[in-house]
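Comments concern the structure below.
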Amino acid sequence: MTEAEFDALRAFLKTRSGLALSPDKRYLVESRLSSVCTRFKIDSLSHLVREIRAGRSVALEKATVEAMTTNETFFFRDKGPFDLFQDVLLPKYLKERASTRRLRIWCAAASTGQEPYSLAMLLKEAAPRMPGWHIDIVASDISTEVLEKAKAGFYNQFEVQRGLPIRLLVKYFTQVGDQWQIAPEIRAMVDYRYLNLIEDFNRLGQFDIVYCRNVLIYFDPNLKADVLRRIANIMAPDGSLLLGASETVLGVTDALTLDPAHRGLYSKNAASAAPKMFAVGGR
Amino acid sequence: MNYCLIIDDSRVIRKVSREVAEGLSFRVAEAENGEVGLQACQAEMPDVILLDWNMPVMDGYSFLKHLRATPEGQAPKVVFCTTENDIDRITRALDAGADEYIMKPFDRDILAAKFQELGVLPASHSA
């Protein structure tokens, strides 16, 4: 693959998924796209880039984007955001939404489902305190492949051991051969949707809580600001956003403000809140 | 420094577990079966115990029953670490007083996640 071809591939990935691949990530492209080449019977990365430039195969373009996205996740990843949900956010919204008894949660980069299922299990555990409540958990991702895995709810032994308390494994999973499948009642709590964050997501409606963790790090500053502004636009006035441990809105957007008492938790900045916009964010 | 006792009849597993636990800043001791493990607990009660199930002399399940039968034996967090991975075994372990359960094979991330979940991870390694 020549430098020009590598640059063309980087431009394609940025346009399609927002993924800002730095010039030193050539090794990543080579390691991740070799399986795509094999699958589509393409003999080299140069050939793959030519095919993408020719725009002959939507399936190839999609597979290329999917192969380059990072899907690492695990149940209750980083623990803190889930402690926050249980100890701070759930009590807050149980009180604030007592009249409507409705709570809407969005996991914006759900990957193989561990994050939305972790929240669903916490909500199931809290169910005795929430009679008559209607909960929506919308979980989206850019990869249809990981969404299919998420919907099926099968996890291997390593996946169910990373962060998942054993009591929840026993309670909500069934052993199927050497795999573990999450219970149908937990799967039914999550509504999976294909979604590319660079595109308009107003159609998802308004959310009380948004988890958008460890995805914005792959975007350039302009796109990051744009996505955060559009997330703020679909958050309830008292909505909450949780970002990854290494992510911040500081210096990126003033649409959101950090909760000084809770690391990684953001709310809408009332002072700078823009009117609700429905335009697709440009970069 | 948090103290971790590893009870396993496999020298290899003890070595691997020790490396992981020491990497997480634990002070580590080893025992090759439940009986030796109980003696170690009498000498100094650990913060956390990594416990195999199948061992000669005294198995992990019997060790746990003995440990939890004493008032001071309520304190340590006990993590079963075993190849027994069927749901009935896991349930038995939890009923006997285990706090967590790891199915072998495991890696550093799994062990660190379990320690964090149990709140025994030394401060320098907590999130």
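Some notes on this structure:
- Karplus-derived HN-Hα couplings along segment B:51-58 (A = 6.51, B = -1.76, C = 1.60, θ = phi - 60°), whole Hz, x at Gly and Pro: 10, 6, 8, 8, 9, x, 6, 9
- Under the convention that each Lys and Arg Cβ holds +1 and each Asp and Glu Cβ holds -1, the size of the dipole of chain A around its Cα centre is about 540 debye.
- Using the Karplus relation 6.51 cos²θ - 1.76 cosθ + 1.60 with θ = phi - 60°, the per-residue 3J(HN,Hα) values for segment A:4-19 come to 5, 5, 4, 4, 5, 5, 4, 5, 4, 5, 5, 5, 7, 10, x, 4 Hz, with x marking Gly and Pro.
- Computed [θ] at 222 nm, deg cm²/dmol, chain A (DSSP H ≥ 4; -39,500 (n - 2.57); rounded to nearest 500): -11500 deg cm²/dmol
- Applying 1/(1 + (r/R0)^6) with r as the Cβ-Cβ distance of A:Arg39 and B:Asp109 and R0 = 51 angstrom yields a FRET efficiency of 0.95.
- Degrees, to the nearest 10: A:26-39 long Cα axis against longest axis of chain A: 80
- Computed 3J(HN,Hα) for segment B:26-43, one whole-Hz value per residue from the Karplus formula 6.51 cos²θ - 1.76 cosθ + 1.60 where θ = phi - 60°, is 8, 8, 10, 10, 10, 9, 8, 7, x, 5, 5, x, 5, 4, 5, 5, 5, 5, glycine and proline marked x.
- Highest mean packing first, where packing is the average number of other Cβ atoms within 10 Å per residue, the peptides B:43-55, A:97-109 line up as B:43-55, A:97-109.
- Exposure ranking of A:Tyr27, A:Tyr194 by accessible area [1.4 Å probe, largest first]: A:Tyr27, A:Tyr194
- Once the C-beta distance of A:Asn202 and A:Ser31 is scaled by a Förster radius of 45 Å, the resulting FRET efficiency is 0.80 to the nearest 0.05.
- The alpha-carbon atoms of segment A:77-168, seen along their principal axes, cover 39, 28, 21 angstrom, with the largest extent given first.
- Coarse-grained scattering of chain B at q = 0.14, 0.19 Å⁻¹, given as base-10 log I(q)/I(0) from a Debye sum over alpha-carbon atoms: -0.52, -1.01
- Length-normalised contact order for chain A - Cα pairs under 8 Å, 6+ apart - percent: 17
- Residues with amide H under 5 Å from that of A:Gly239, placed H, sequence gap 5 or more: A:Lys268
- Kirkwood-Stokes translational diffusion coefficient of chain A, alpha-carbon pairs, 37 °C, 0.692 mPa s, µm²/s: 163
- Placed amide H near B:Val78: partners under 5 Å, 5+ positions off or other chain: B:Ile49, B:Asp99, B:Glu100
- Accessible-area composition of chain B, carbon plus sulfur, in percent [1.4 Å probe]: 48
- Pairs of lysines in segment A:80-272 (C-alpha under 23 Å apart; 8 or more residues apart or interchain): 10
- For chain A, the per residue solvent-accessible surface stands at 45 Å², with DNA, RNA and ligands left out and a 1.4 Å probe.
- Dipole-positive endmost among A:Asn214, A:Tyr266, A:Phe201 within segment A:80-272 (Cβ charges, Cα centre): A:Tyr266
- A cut-off of 5 Å between modelled amide H atoms, ignoring neighbours fewer than 5 places along the same chain, links B:Tyr3 with B:Arg27, B:Asp47, B:Val48.
- Average partner coverage of A:162-173, which counts Cβ from other chains inside 10 Å: 5
- Area accessible to solvent at B:His66, 1.4 Å probe radius, in Å²: 100
The values are calculated or read from the model by the stated rules, or taken from the named source; none is laboratory data. Because the structure is a prediction, the values reported are computed rather than measured. Reconstructed Cβ throughout: ideal geometry from the backbone, glycine too, with neighbour counts over all protein chains shown. All accessible areas refer to the heavy atoms of the entire protein, side chains included, with ligands and DNA or RNA removed. Shrake-Rupley method; radii C 1.70, N 1.55, O 1.52, S 1.80 Å.
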